[in-house]
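Down below is the structure, laid out as structure tokens.
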2 protein chains.
Amino acid sequence: MTDKNRIPYKIYLEENEMPQSWYNVRADMANKPAPLLNPGTGQPLKAEELTPIFCEELVQQELDNENAYIPIPQEIRDFYRMYRPSPLVRAYCLEEKLQTPAKIYYKFEGNNTSGSHKLNSAIAQAYYAKKQGLRGVTTETGAGQWGTALSMACSYFDLDCKVYMVKVSYEQKPFRREVMRTYGASVTPSPSDTTEVGRAILKEHPGTTGSLGCAISEAVEAATKNEGYRYVLGSVLNQVLLHQSVIGLETKAALDKYGIKADMIIGCAGGGSNLGGLISPFMGEKLRGEADYQIIAVEPSSCPSFTRGTYAYDFCDTGMICPLAKMYTLGSSFIPAPNHAGGLRYHGMSPILSQLYDDGLMEARSVRQTDVFQAAETFARVEGILPAPESSHAIRAAIDEAMKCKETGEEKTIVFGLTGTGYFDMTAYEKFHNGEMENYVPSDDEIAASLARLPRLN
Amino acid sequence: MTDKNRIPYKIYLEENEMPQSWYNVRADMANKPAPLLNPGTGQPLKAEELTPIFCEELVQQELDNENAYIPIPQEIRDFYRMYRPSPLVRAYCLEEKLQTPAKIYYKFEGNNTSGSHKLNSAIAQAYYAKKQGLRGVTTETGAGQWGTALSMACSYFDLDCKVYMVKVSYEQKPFRREVMRTYGASVTPSPSDTTEVGRAILKEHPGTTGSLGCAISEAVEAATKNEGYRYVLGSVLNQVLLHQSVIGLETKAALDKYGIKADMIIGCAGGGSNLGGLISPFMGEKLRGEADYQIIAVEPSSCPSFTRGTYAYDFCDTGMICPLAKMYTLGSSFIPAPNHAGGLRYHGMSPILSQLYDDGLMEARSVRQTDVFQAAETFARVEGILPAPESSHAIRAAIDEAMKCKETGEEKTIVFGLTGTGYFDMTAYEKFHNGEMENYVPSDDEIAASLARLPRLN
């Protein structure tokens, strides 16, 4: 630890060094992400088709492939200042534990009560809803990270927040539910009798414990049938990656402040919100030919949309009511195994990241659950932070790369995204400690069966 | 929010601005805290009587009433850098919500995986155990904050950590238990059959769910009967307040950096570790006549040792095996009602704070549980952070003081300690949300009965 006195353990930006605009990587992409399609007509969706469901200004952001920088409104920057900048941490202790010549940094986004990076987009979406004069927003949540973040954001802007929480999570994760209630959100177990779609599902399957697809359907119905409400979503969409670019911009500014050049950027990937945000300014440099970086998406081997999916138009939701997006997908009928990284259990991938991956601008790999928890425990013991299972996918890959450096002697600089904390995931850690954790890997047949059901217009 | 651009939301110290020594307030006290007594002889305990139980260097710190500054060893400062400095936050949003002219700051100690300030002393105690060449340490834990912090600290120094966890908590709080296991600690539900005292208790009360007193007894036995182990404790002791002075020193340095003069320092008080640490440099100035501050200890009305106890020698533990300490106490046989601020359910109070309170150098007040949770929810909704129930006692008093300023128009600067986060306390929040939370206030008779059983030597 010879240079410990040069680079601090944690690099914090001053308030005046913080990003004042989000960065829209689409502006620098030669091949733009494919447009969303209307599932009925198969035609690209127009703004006026989206505004009944989404906030107006967010629809503009969703469709904007041209403007590279979009100013962050002052009200959002005020909120960001409550928990941002997040620290960029030099993992000195992990480096020492691994005895690697690699230099490892992580951007820690778990430093706020929602426990993850989701708050970066939640506050933006809540702001635009407020600005539009809406009464509230609706959303769905599974494990509860997005619902928690949105509850906090709505509480700040005094907006009503209706969260449809998958019933099995509602019952099994009462703590997340109570955090949302603390912030004033109404949390309804889905399916519920508060919506037509919910009542229909309950009638057909009285004992169902719900699904994310069903919760989305209820949230969308609640948004469209209640005056003054819109629906909001925490991942996949272009607008979400735009908001999350604050992660990458801060990371880049912190590295630049100390003259550090990253060789490799690593992030976990479910719908792509964290990874897309983290890499965006680095990818921008790469797209503009100013610098090169190795960029790695890490996904669970149980839900390998990049590594074993196909690039095609598909439904964003299992209920097949949302628009069609062109993305790497396992098929919207693919049911991921019940692994413990709820935030990565998504059949598809952000259209922006899918296009970048298809263009060979980034790599992807999948990792097994027990290997992920092994990395999580190693990390926790030396770096102190108890990581979320999702984030630990990135830790696994970062450790693997650092060990390669140990073999080759290369002093690579590795930056990874630590998206959140695992305080609400201790049941998974308990399974791991007790040797009861399984590794699920879907069979080729299983994936083929799901892909065979992709919508026909491809 | 006119001056928002002058004072940042969060004041972080640079690494070179961080404290290099702890501050020992005893050095500046005219009336020193009363010495610990041997319960058998009634005589002040000598170092050689303490070293079979406690680490040698910690015993020196425990007995040191003379040295004002004790250097923080480099190894501990390295660890502190992983999560310190903790932010001093200007509560702009809370001020706006309350429409108060008061300026409110809080020192947030929940910014590490243990979720509380306990880590500041845990890492110090683990360091001295390692330096002494010990194999490990033993301790007890109730709700689990101290046990978690100690597990993290022992993991860092590769020390064995044996935690005796009150059986009812072990069963009701499996998440805390799993966090400890993640850091490699062994966690034993107490009473257990691993100690003589545990076996005796189990034989007499086969169905018991344990108590903190019993867990202490087991931890002390395990320390003395296992070669290479010592017992460590997370509050009350002088050494603990010494280590926790890092909170106050950072707070003072951050305020000084921006030329801010505090009028009032507020902290919650159970055994006194957080409050004692937070106030120490301010109290030092007060004792030396350099400045004046209003200092307020806030305790639960269900366990009011300062406000309704008496200043006398008493046992530190309910099992009556530990030394006698002179302190404000409700009597070691006092059983606090099952409120939700486990960290404040202690019958006594730090001897240092007890002497300062008795000398009129600080105030105390007690607050009701439902009022505490009301303050917690208000705070969470505007400041984002979900506070621990313990910490929320200080929030309650800070809000009350800010509202007084609103009445009088005074622009007081209020600083309070936000000791931790409430992620593992959502059962309590749920009770509060559902209107099922009760307020317990012991009767005069109950307190008198307990005080009647104080040891006779007073």
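Observations on the model:
- Exposure here means at most 16 other Cβ atoms within 10 Å; with GluC sites (Glu not before Pro) in a DSSP loop as sites, the longest stretch of chain B lacking them is B:67-226.
- Over chain A, DSSP H runs of length four or greater, each weighted -39,500 (n - 2.57), average out per residue to a 222 nm ellipticity of -12500 deg cm²/dmol.
- Spin-label pair B:Ile7/B:Ala47, simplified geometry with 7 Å Cα→Cβ offset, distance in nm: 4.4 nm
- Alpha carbon Rg of the stretch A:151-194, scaled by the compact-globule rule 2.2 N^0.38 Å: 1.13
- For the protein assembly as shown, the fraction of alpha-carbon pairs in successive 10 Å shells from zero, as %: 2, 12, 22, 25, 19, 12, 5, 2, 0, 0
- Set of lysines near B:Lys167 by C-alpha distance (under 19 Å), chain-local residues within fewer than 8 positions excluded: B:Lys203
- Pairwise FRET efficiency - A:Lys257 versus A:Lys32, Cβ, R0 = 25 Å, nearest 0.05: 0.20
- Seen from a random direction on average, the alpha-carbon convex hull of the stretch A:347-396 projects onto 4.3 square nanometres.
- Equivalent ellipsoid semi-axes, the stretch B:277-394, via Cα gyration tensor eigenvalues times 5, rooted, Å: 25, 22, 11
- Pairwise Cα inverse-distance average, inverted: Kirkwood Rh of the stretch B:1-142 (Å): 18.5 Å
- The residues neighbouring B:Pro281, those whose beta-carbon lies less than 11 Å from its own, together hold a net charge of -2 under the Lys/Arg +1, Asp/Glu -1 convention.
- Ranked by how many other Cβ atoms sit within 10 Å of their own Cβ, fewest first, the residues A:Ser151, A:Ser217, A:Ser302 fall in the order A:Ser302, A:Ser217, A:Ser151.
- Shortest first, A:Pro455 label-point distances to identical copies amount to 7.8 nm, with the label point at 7 Å from Cα along Cα→Cβ.
- Straight-distance crosslink candidates among aspartates and glutamates, where the alpha carbon sits under 19 Å from A:Lys46 and sequence neighbours closer than 8 are dropped: A:Glu56, A:Glu57, A:Glu62, A:Asp64, A:Glu66, A:Asp314
- The stretch A:224-338: translational diffusion in µm²/s, Stokes-Einstein, Kirkwood Rh over Cα pairs, 10 °C, 1.306 mPa s: 99 µm²/s
- Ranked from shortest, the separations from the 7 Å Cα-to-Cβ label point of B:Ile260 to its equivalents in the other copies are 2.8 nm.
- Taken along the Cα-to-beta-carbon direction at a fixed 7 Å, the label points for B:Gln132 and B:Asn65 span 2.3 nm.
- Per-residue Cβ neighbour rank within 10 angstrom, fewest leading, B:Met264, B:Met180: B:Met264, B:Met180
- Listed pairs A:Lys431/B:Lys118; A:Lys10/A:Lys130; A:Lys118/A:Lys261 exceeding 29 Å between Cα atoms: A:Lys10/A:Lys130
- Kirkwood-type hydrodynamic radius, the stretch B:81-227: 16.7 Å, calculated from all non-identical alpha-carbon pairs.
- Per-pair calculated FRET efficiency, R0 = 51 Å: B:Asp292 and A:Asn434 via Cβ, rounded to 0.05: 0.35
- Descending Cα extents along the principal axes, the stretch A:311-377, whole Å: 39, 31, 13
- Here the convex hull built on the C-alpha positions of chain A has a volume of 138 cubic angstrom per residue.
- Cβ-derived FRET efficiency at R0 22 Å, A:Thr427 paired with B:Asn226, nearest 0.05: 0.10
- Within a straight-line Cα-Cα reach of under 16 Å, B:Lys97 can be paired with the following lysines, leaving aside sequence neighbours fewer than 8 residues apart in one chain: B:Lys4, B:Lys404, B:Lys406.
- Kirkwood's formula applied to the C-alpha pairs of the stretch B:402-458 gives a hydrodynamic radius of 16.5 angstrom.
- Expressed to the nearest 5 percent, the antiparallel share of DSSP beta bridges inside chain B is 35 percent.
- Square roots of five times the Cα gyration tensor eigenvalues for the stretch B:358-458, Å: 28, 22, 13
Every number here is computed from the coordinates shown, using simple stated rules; none is lab data. Note that the structure is predicted; figures quoted are calculated from it, not measured. All Cβ positions, even for glycine, are placed from backbone atoms using ideal geometry, and neighbour counts span all protein chains on display.
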